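Here is the structure we will look at, set down as structure tokens.
The values are calculated or read from the model by the stated rules, or taken from the named source; none is laboratory data. As the structure is a computational prediction, the values presented were derived from the model and not from experiment. We place every Cβ from the backbone using ideal geometry, glycine too, and count neighbours over all the protein chains shown.
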Amino acid sequence: MRAAHVATSLLITSAALASTPVPIPNATLSVLGTYRTGVFEQGAAEIVAFDAATKRIFVVNAAATTVDVLDASQPEAPQLLSTIDASALGGSANSVAVKNGLVAVAIQDEVKTNAGRIAVYDTATLALRATFPAGALPDMVTFTPDGKTILVANEGEPNDDYSVDPEGSITHIDISAGLDAAVVTQIGFTAWNGRPDKLRALGVRIYGPGASVAQDLEPEYIAVSADSRTAWVTLQENNAFARIDLARRAVDGFLPLGTKDHSLAANAFDASDRDTRVNIASWPVRGLYLPDAVASYTVRGKTFLVTANEGDTRAYSTFTEEARVRDLTLDPTAFPNRTALRDVAAIGRLNVTNTLGDVDGDGDYDALYSFGGRSFSIWNGAGKLIYDSGSEIERRIAEVAPASFNSDHAANATFDTRSDNKGPEPEGVAVGEHAGRVYAFIGLERQSGILVYDVTDPVQVQFRHHIGNRDFSVPTRLADGSTNPAAGDLGPEGLTFVSAAQSSTGKPLLIVGNEVSGTTTVYQLDVN
């Protein structure tokens, strides 16, 4: 999947976690303003970045290989100021990041399995300053907090028939001595090519047809520690983090994420799109977290990672792992109620992977593994799960927006249509601090809502707010195929937080790029 969002590294001081209990404030989002491209379902507004010095928002337009530059000095009415045209440099602009007067843009080659590049522009003049080589399909770019390094997650997806499968990698661009003296290092995974069984035993999914370890690992998204010494990279399809030692410019190890037990009441979910109701229940299924976006923050010297557990699958013309439960042969001992489970109102239509579950190799399935956690999680720097939102996202949507429960992001009147396939799909995440508290903002790709959580204490997470800037009662597009403005925002992809100190309103902002509606919306965070 496309990577989403701009990575965040945030330091929370010990004062933010004082031992004396204090009331947790309310925190709500409200819409300030929206910029509309009018382009529907073409990725016209995906990843967003903000430059505090110029008060500009940089928005990736993937289909056009451009970056729209918006004037956000008046965030209630963002206006198109200019456009960076990167079409001469490749086939698609995938990600953008801003730091110290520089805009870095990740650009894939016209042939996505070829090496891509990073283009760096000036935030004020928009002039091209430098280009650097990247790996195949550079899908996410970020700066380290100290501004000395540009990091790129090169996903290395195969082509449509899996006949070409490039290696995944991380591009490390040291700009500490300036752009003209930059040092580029491609950090790869070839050292593990002879150890696929060891990685599988640890819990890292290695399963592409004929793929080496380096080919199979697909870096999706990057978060960096506050001291700029360590990076964590989500390997989405592989259900793991890769930890990168930035000083050595090398892979430090792999952190498998394990699975989520959906038979527990705390992890219940709605598994059917054919029962025409909200039915959040426990099922004998294990969920693969498969996170997309990740953001980091630090509490008392310890790094914590917040992931949006979207889920993803490999589905190509010559290889697909997706299967419906009703189409699999279930082991009679493991699933004594297998006939009832196959019903379409139970989990018969639930999408699961056919690459896992035949534990004893006899051809039937002893366990079922679904895609995505339908949640967000907090992990420590060693990859240990500290918190997971369990079933709360689906329960919250059922409570505050029942008519749009597990809806799709491209059409109205789609109640419950995504329950069999990753549900609301938490995809984007941003973290930000205000008044001694740290908040996580979770974007729901399908339902199109934004959730706000207080994560100051990673163990005691508190839900604060849900907002959905979408009207499900009107058509999503007009007769000419353009986005219907009345429908609002569809498919939040990229989120970035703006602190009160950097905001022109004096209050924190959240900027969201919505890929389906082609809109960029500025929200204000109000805390009281």
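Quick rundown of the values:
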item	result
Failed item in (1) over 15 Å from residue 368 (Cβ atoms); (2) part of a loop (DSSP other than H, G, I, E, B), with residue 272 passing the rest	(1)
Among (1) hydrophobic (A, V, I, L, M, F, W, C); (2) surrounded by 18 or more Cβ atoms within 10 Å (Cβ to Cβ); (3) touching a Pro at 6+ places or on another chain (Cβ under 8 Å), the one test that residue 319 misses	(2)
Near pairs, Cβ below 8 angstrom, 6+ apart or cross-chain, from region 244-267 (assigned by TED's automatic domain parsing to the domain that holds residue 230) to any residue that is in a loop (DSSP other than H, G, I, E, B) and surrounded by fewer than 13 Cβ atoms within 10 Å (Cβ to Cβ)	255/382
Residue list for region 398-415, filter: buried (at least 20 other Cβ atoms within 10 Å of the Cβ) and either among the acidic types (Asp, Glu) or farther than 20 Å from residue 476 by Cα (or both)	408
Failed condition for residue 440, given (1) at pLDDT 95 or above; (2) not in a strand (DSSP E or B)	(2)
So residue 366, is it at pLDDT 95 or above, in contact with a Lys or Arg (Cβ under 9 Å, 6 or more places away or on another chain) and charged (D, E, K, R)	no
Enumeration of residues in region 394-414 that are over 22 Å from the mean Cα position of the chain (by Cα) and touching a residue at least 60 places away in the same chain (Cβ under 8 Å)	398, 400, 401, 402, 403, 412
Condition met for residue 92 (in contact with a Lys or Arg (Cβ under 9 Å, 6 or more places away or on another chain), in the same structural domain as residue 521 (by TED's automatic domain parsing), hydroxyl-bearing (Ser, Thr, Tyr) and in contact (Cβ under 8 Å) with a residue 60 or more places away in the chain)	no
Count - residues of region 476-516 that are of a type outside the set (D, E, K, R) and within 18 Å of the chain's Cα centre (by Cα)	13
